[in-house]
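The values are calculated or read from the model by the stated rules, or taken from the named source; none is laboratory data. This structure is a prediction, so every number in the text was calculated from the model and none was measured. Please note: Cβ atoms are built from the backbone with ideal geometry, for glycine as well, and neighbour counts cover all protein chains shown.
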Amino acid sequence: MTKSGKNNGLTDVEGIMVGHYTSLSAASGVTVILCKAGAVGGVDVRGSAPGTRETDLLAPVNLVEKVQGIVLCGGSVFGLSAADGVVTWLAQLGCGFPLAEGKVAPIVPSAALFDLGRGKDYVPPIRQEWGIRACESASTGPVPVGCVGAGTGAVSGTIKGGVGSASELLASGMTVAALVAVNSLGSVINRTTGLPWEVHLEVAGEFGSEGRRSVKLPLATAPAPPSNTTLGVIATNAALTKAQAQKIAQMAHDGLARAIRPAHTMFDGDTIFCMATGEHNLKDSEGFFSVPMAEAMNEIGRAAADCMSRAIVRAVLDAHSMGKISAFRDLQSL
C-alpha cells in the first residue's frame with residue numbers, strides 16, 4: 001500500500017525547505033526550494049521553449065556536485081532575475097560552493113514559465129526582492145499549493161493551473177517527493193471522462209471529493225505561443241551521484257507526460273530538477289546479471305514519476321479561478 005509522508009509534499013525530505021512569493025495583482029510569483037546543507041543536483045529539460053539558468057553545471061561531467069537552491073518562477077526570461085535574490089540570501093548565510101577569503105558561491109539553478117499578460121501589467125515586475133521574500137517564507141512544514149508562487153498565474157490547457165506537491169515513503173526507508181508548477185499547453189483532464197488522467201494514483205484520499213467529480217472542460221482556444229511550461233523538482237533522501245540524479249529527473253518526466261497530454265510540446269519548456277540529500281545509501285542488486293544499484297534506482301524513479309503525476313493533479317484541483325480563467329473546482333459537472 002502506497003504511503004505518503006507527513007506533509008505529502010517536498011518537505012517530507014529532511015533538509016528541504018519550500019517558500020513562495022505570490023503577487024495576485026501581477027498574476028505571477030516565485031517558488032524556492034532550499035537545501036542549505038547542499039544536495040546533489042540533476043536536471044532534464046524536455047520542452048522546446050525552456051527558460052533556464054545554471055542548468056549546464058548540473059551535467060555529470062561538470063565540476064560542481066551540490067546545489068543549495070532551485071528557483072521556479074513566472075515572468076518568462078524576466079522572472080529569472082529572482083534567482084539573484086536567492087543567491088544573495090544564501091550567500092549571507094554562508095551557504096554555497098566555497099571560495100577564497102571565506103566567501104561562497106551559492107549554486108541556484110532556475111527555470112521560468114510563461115505567464116506574461118495575465119496580470120495588471122503585461123510583464124510582471126519580478127525582481128531580486130521576490131526571490132529574497134520567497135526565501136524568507138521558506139519552511140519545512142506543509143507546502144502551500146494552488147495559486148501560489150510560480151503557479152500564481154499558471155494556466156493548464158483551458159483551465160487554471162498552479163502548484164502541487166506529493167510524496168511517497170518507500171519500503172526501503174527512502175523518501176521521494178515532487179513539487180510542480182503546472183502551466184501546460186496540454187490538459188490534466190481527460191475531456192472524455194471529465195476526470196484527471198492520473199486520478200487512479202490517489203493516495204489516502206488526497207484528491208478529495210473534487211478528484212472524483214467529472215467536469216465539462218471549457219472549449220479550447222488557440223494559444224499565444226510560446227505561453228506555457230511545466231516546471232518540477234524531485235527531492236529524495238537517497239545518496240545519488242549527479243548522473244543518477246539526472247536519471248531520476250528523466251524518469252520523473254514519465255509522470256509529467258502521463259498526467260499532462262500532450263506534454264513536452266513546442267510551446268512548453270518542461271523542466272524537472274532532482275535534489276538528493278544523501279541520507280540513505282542505495283543497495284546493490286544481487287544476481288549474475290545485476291547492475292550496481294539498478295533496482296534501487298528503478299524504484300526511486302518509479303516513485304518520482306508517480307509523485308510528479310499526483311502533484312500535477314493536486315495543482316489543478318487546488319487552484320482557484322482568476323480573471324477569465326476558470327479553475328477545475330468551478331467547472332460544471334458532467
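Points worth noting:
- Comparison of Met293, Met308 shows that the only residue that is touching a strand residue (DSSP E or B) at 6+ places or on another chain (Cβ under 7 Å) and either under 18 Å from Ala39 (Cβ atoms) or at pLDDT below 95 (or both) is Met308.
- Strands (runs of 3 or more DSSP E) lying entirely in segment 21-111 (those with 2 or more residues that are surrounded by 18 or more Cβ atoms within 10 Å (Cβ to Cβ) and among the charged types (D, E, K, R)): none
- When the residues of segment 293-334 are filtered to those that are polar (S, T, N, Q) and in a helix (DSSP H, G or I), the one that is surrounded by the fewest Cβ atoms within 10 Å (Cβ to Cβ) is Asn298.
- Residue pairs meeting the criteria (Cβ under 8 Å; at least 6 apart or on separate chains; first at positive phi and in contact (Cβ under 8 Å) with a residue 24 or more places away in the chain, in segment 263-276; second small (Gly, Ala, Ser) and outside any loop (DSSP other than H, G, I, E, B)): His264/Ala257
- Residue check for Val13: surrounded by 24 or more Cβ atoms within 10 Å (Cβ to Cβ), at negative phi and in contact with a helix residue (DSSP H, G or I) (Cβ under 9 Å, 6 or more places away or on another chain): no
- Residues that are basic (Lys, Arg) and surrounded by fewer than 21 Cβ atoms within 10 Å (Cβ to Cβ) were ranked within segment 112-132; the one that is farthest from Ala181 (Cα to Cα) is Lys120.
- Listed conditions (1) at pLDDT 95 or above; (2) out of contact with any Leu (no Cβ under 9 Å at 6 or more places or on another chain); (3) farther than 25 Å from Ala327 by Cα are all met by Gly173, apart from (1).
- Answer residue from segment 221-259, given it is of a type in the set (A, V, I, L, M) and modelled with pLDDT under 95 and is nearest to Gly119 (Cα to Cα) among those: Ala224
- Selection count, segment 42-89, where residues are among the hydrophobic types (A, V, I, L, M, F, W, C) and within 28 Å of Ser25 (Cβ to Cβ): 13
- Yes/no for Ile189 being over 30 Å from Lys283 (Cβ atoms), crowded, with 22+ Cβ neighbours inside 10 Å, touching a Leu at 6+ places or on another chain (Cβ under 7 Å) and in contact (Cβ under 8 Å) with a residue 24 or more places away in the chain: yes
- Residues that are part of a strand (DSSP E or B) and in contact with a Ser or Thr (Cβ under 6 Å, 6 or more places away or on another chain), drawn from segment 112-147: Ala112
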